[in-house]
Amino acid sequence: MDMRNVFVIGLMGLSTCYMATLLCRHKTRSQRLQNSKLSPKATPEQRALRTILMLMSFFLLMSTFDSIISYSRTILQGNPLPFCFQILVAHSYAAVSPLLVLSNEKRITNLLISMYEKIVL
């Protein structure tokens, strides 16, 4: 990994930590205001935090794969296969991350399932 990638990933990690602390602080303040007990159902803050952490983890994973493939491209300069894999990895984050966000929204998931059932059945 070059220094630019390390800097961007570090910046992304800092912003993730900042958003996580804001969400946790908001959750404790809203619980104090509502004077409610802990419920087994996930709060909107917890769902948002889970989505943020999933996106951050997936980005870190794809960035690591991209660096490994980039390194293997320098070793295997005549082979076009690592280049194809690098293109696939580079585009997979943009393709999969909206699906990760949508998978955490039960209303959207239920809507898509009902639309699929109407089309297929």
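The values are calculated or read from the model by the stated rules, or taken from the named source; none is laboratory data. For clarity, every value in this text was computed on a predicted model and none was experimentally measured. Note that each Cβ is placed from the backbone with ideal geometry, even for glycine, and that neighbours are counted across all protein chains shown. In case anyone asks, the SASA skips ligands and DNA or RNA and just uses the protein heavy atoms, side chains included. Shrake-Rupley method; radii C 1.70, N 1.55, O 1.52, S 1.80 Å.
Out of SER97, SER36, SER72, SER92, I need the residue that is among the hydroxyl-bearing types (Ser, Thr, Tyr) and modelled with pLDDT under 80. Which one?
Values: SER97 fails: modelled with pLDDT under 80; SER72 fails: modelled with pLDDT under 80; SER92 fails: modelled with pLDDT under 80.
Matching residue, one of SER97, SER36, SER72, SER92: SER36.
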Pair list, Cβ under 8 Å, 6 or more apart: region 65-89 residue over 18 Å from ASN5 (Cα atoms), other residue in a helix (DSSP H, G or I) and at pLDDT below 85: LEU76/PRO82; PRO82/ILE69; PRO82/SER72; PRO82/ARG73; PHE83/ARG73; PHE85/ILE69
Region 71-116: number of residues that are open to solvent by 50 Å² or more (accessible area, probe 1.4 Å) and either in a loop (DSSP other than H, G, I, E, B) or hydroxyl-bearing (Ser, Thr, Tyr) (or both): 11
Close pairs from region 3-22: first in contact (Cβ under 8 Å) with a residue 40 or more places away in the chain, partner surrounded by 13 or more Cβ atoms within 10 Å (Cβ to Cβ) and in a helix (DSSP H, G or I), Cβ under 6 Å, at least 6 apart: THR16/ILE52; THR16/MET56
